[in-house]
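**Q** Here you go, one structure.
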Amino acid sequence: MLTQLVAVVFPLLCPGCGRPAEPVCAACATDLRPPSPASPPPGIDAWWSPLAYEGVARELVARAKYRGAHAVNAWLAELMVAGLPPPLPSVVTSAPTTRDRRQERGFDHAALLAGHVARRLHRPQRRLLVRDPGAPQTGLAAHARKQGPVIRTCERSPTTVLVVDDVATTGTTLAASAAALRAAGAEHVVAITAARTAPPS
Ligand SMILES: [Zn+2]
């Protein structure tokens, strides 16, 4: 009953062509492109991102972010894990969102995605990072984004950590996450994001 209701409210249609498919049809999946190369943000040892943040990928990320779409998260996590460079970190965490944002949506989208990643890697997921209130990075002007969010750790960090997020634009959230983790004891910090925007020109 609930599943049927959800299917009516959120029909499982491919975001590229509108045909029934979950989360994206095979034809539209072949149009997805990798992002252009980018150096890791400061403090991140390695950074992998399977998709360019554009077109169908953008819509898939939005479905995961605003609806918490399970099938999209599972699908994105599989792509993300496939390209993760060795060695595997001991713990998976997620880039933090503010408490207000989490309450507004009813879930923490990056933590959901990190959960799928952690299960695939057979690594524990821990909420290591906290973000203090402030404007969300999406929608801020580039100069405001560059200053970055205020992020801190809520406990001592494991030595090797994987930080998961859905989208990276300037990479300031990842850089702030890495700085907080290193200050709390991390020595190796890697990041995977589902999608990445083109580096600012
Ligand atoms: Zn399609």
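The values are calculated or read from the model by the stated rules, or taken from the named source; none is laboratory data. Every value quoted in this text rests on a predicted model; they were computed, and no experiment measured them. Areas reflect the complete protein model, heavy atoms only, side chains present, ligands, DNA and RNA absent. Shrake-Rupley method; radii C 1.70, N 1.55, O 1.52, S 1.80 Å.
**Q** Roughly how far apart, in whole Å, are the Cα centres of the stretch 17-51 and the stretch 70-130?
**A** With the stretch 17-51 and the stretch 70-130 each reduced to a Cα centre, they are spaced 16 Å.
**Q** Right, here's the next one. Sort 165, 31 by accessible area with a 1.4 Å probe, largest first.
**A** Values: 165 20, 31 115 Å².
The most accessible residue leads, giving 31, 165.
**Q** Students sometimes get this wrong: rank 156, 105 by accessible area, probe 1.4 Å, all chains present, largest first.
**A** Values: 156 170, 105 45 Å².
The most accessible residue leads, giving 156, 105.
**Q** Using alpha-carbon pairs under 8 Å, 6+ residues apart, how would you state the relative contact order of the stretch 26-72 in percent? Display every interim value, and only then the final one.
**A** On the way: 27 pairs, mean separation 14.6, N = 47.
Relative contact order for the stretch 26-72 comes out at 31 percent.
**Q** Could you state the number of Å between the C-alpha centres of the stretch 153-177 and the stretch 186-200?
**A** The stretch 186-200 and the stretch 153-177 have Cα centres spaced 8 Å from each other.
**Q** For residue 49, what accessible area in Å² do you get when you roll a 1.4 Å probe over the heavy atoms of the protein chains, rounding to the nearest 10?
**A** About 10 Å², ignoring ligands and nucleic acids.
**Q** Using a 1.4 Å probe on the protein heavy atoms only, what accessible surface does residue 173 show? Give it in Å² to the nearest 10.
**A** Residue 173 exposes around 20 Å² with every protein chain in place.
**Q** What number in nm² do you get for the chain if you take the convex hull of its Cα atoms and divide its surface by four?
**A** On the way: hull surface 46.1 nm².
Taking the Cα atoms of the chain, their convex hull projects to 11.5 nm² on average.
**Q** Can you put 70, 122, 188 in order of accessible area, largest first, using a 1.4 Å probe?
**A** Values: 70 125, 122 155, 188 50 Å².
Sorted descending by solvent-accessible area, the residues read 122, 70, 188.
**Q** Continuing with this model, one more query. Could you compute how much accessible surface residue 90 exposes when probed at 1.4 Å, giving the result in Å² to the nearest 10?
**A** Rounded to the nearest 10, the figure is 50 Å².
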